[in-house]
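I have placed the structure first, in the form of structure tokens, so that the comments after it can refer back to it.
The values are calculated or read from the model by the stated rules, or taken from the named source; none is laboratory data. Remember, it's a predicted structure, so these values are computed and weren't measured experimentally. Glycine gets a Cβ as well: all are built from the backbone with ideal geometry, and neighbour counts include every protein chain shown. With ligands, DNA and RNA removed, areas are computed over all heavy atoms of the protein, side chains included. Shrake-Rupley method; radii C 1.70, N 1.55, O 1.52, S 1.80 Å.
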Amino acid sequence: MDILAIIGAICGVGAIAGGVLTAMSARIVAQYEKGLVFRFGRVVGTRDPGLRMLIPFVDRMRKISTQIVTMPVPAQDGITRDNVTVRVDAVVYFRVIDPVCAVVEVQNYLFAVGQVAQTSLRSIIGKSDLDSLLSNREELNKGLEIMIDSPALSWGIHIDRVEIKDVSIPDSLKRSMSRQAEAERERRARVISAEGELQASKMLAQAGAQMSESPASLQLRLLETVVQVAAEKNSTLVLPFPVELLRFLDSRTPSEPTTAGSTSAESEPTPAAPESMAPEITPPEPTPALGSGNTPATSQDGMRS
């Protein structure tokens, strides 16, 4: 009985030890992960998703996620090619395609990708104009993706896409751009108004030429205008006055109006009298005063031929 008890105890201890070793060697790899196995510090292979067994105290597994990682790039200050200070931030989407390279070739692939994204973003800012940063973001995103993917490919990382999120510019430049946009819109409005006036003038010229051929159409147009004005039920009726009538009255009016007497007197000069026919005027002779009192006396002028 003692021997059987000892054998049973040994079997129980062995079963417990086997269970413990099995639990220590069993690993579960998720569907979105890859298991990288190290044996005495050396990579011996990768394990697919599922339940995987390892050699206890010999093998060590490191799980690497193969999901797409979204990494925001901190805002970077830079000067564009046209000497404008801007602040640009972006976001990088990448995933691990080779777990061995991602773990062996680089110490921390997340930190490495972040640093490469920041330096590439600064480089793309210096090579671009402000207008390109604001309008041509698709091309800048492609160029930035190529710049980041070039070193990351040797690390077993694939860059899916890179997006520039926001471009911050100084407030003074914003005000200048708003004034420029306002002036541009005002210029377009003036051009459109001028084109409308030109087309209207052409149409009015054609209408005037056609109405000049038939004067009755001008009278009909005048009556139609009067009807339109009177239809609004106004107390005041405005009648258009033809310009041709003003021109007719102006042509019939003399330039300098004068009277008949002054015109004949100024137009006919008085003939000069000959010296032989000129009368000789003698001074008046004093005459005796008539009557009495303070009544003044009269005088007569004498003339001798």
(message) For a quick check: with amide H placed at 1.01 Å from N, whose amide H comes under 5 Å from residue 69's, ignoring anything fewer than 5 positions away on the same chain?
(response) 94, 95
(request) For residue 158 and residue 181, compute 0.36 nm times the residue count separating them, minus their Cα-Cα distance, and round to one decimal in nm. (result) 4.2 nm
(message) Can you tell me which lysines have their Cα less than 20 Å from the Cα of residue 142? Leave out same-chain residues fewer than eight positions away.
(response) 127, 165
(request) Answer rounded, prolate or oblate for segment 62-221, using the Cα gyration tensor with square roots of eigenvalues a ≥ b ≥ c: rounded when a/c is under 1.5, else prolate when a/b is larger than b/c, else oblate. (result) prolate
(request) Ignoring everything but the protein chains, give the 1.4 Å probe accessible area of residue 203 in square angstrom, nearest 10. (result) 120
(message) Probe radius 1.4 Å, ligands and nucleic acids ignored: give me the carbon and sulfur share of the accessible area of segment 186-225 as a rounded percent.
(response) 62
(request) May I ask you to give the percent of accessible area on segment 9-104 that is carbon plus sulfur, with a probe radius of 1.4 Å? (result) 59
(request) Using per-residue counts of other Cβ atoms within 10 Å, averaged over each peptide, order 186-196, 41-51, 27-37 from highest down. (result) 27-37, 41-51, 186-196
(request) List every residue whose amide H lies under 5 Å from the amide H of residue 36, counting only residues 5 or more places away in sequence or on a different chain, with H placed 1.01 Å from N in the peptide plane. (result) 47, 62, 63, 64
(request) Convert each backbone phi in segment 199-214 into a coupling constant with the Karplus relation 6.51 cos²θ - 1.76 cosθ + 1.60 (shift: θ = phi - 60°), then list the ³J(HN,Hα) values in order as whole Hz, x for Gly and Pro. (result) 5, 5, 5, 5, 5, 5, 5, 5, 5, x, 5, 6, 6, 5, 6, 10
(message) Probe of 1.4 angstrom, ligands and nucleic acids ignored: what's the accessible area per residue over segment 60-201, in square angstrom?
(response) 61
(message) Could you put 94, 38 in order of accessible surface area, largest first, with the 1.4 Å probe and the full protein assembly present?
(response) 38, 94
(request) Taking amide H positions as placed in the peptide plane 1.01 Å from N, state which residues far from residue 30 in sequence (5 or more) or on other chains have amide H under 5 Å from it. (result) 50
(request) Just subtract the alpha-carbon distance of residue 211 and residue 5 from 0.36 nm times their residue separation and send over the number in nm, one decimal. (result) 60.9 nm
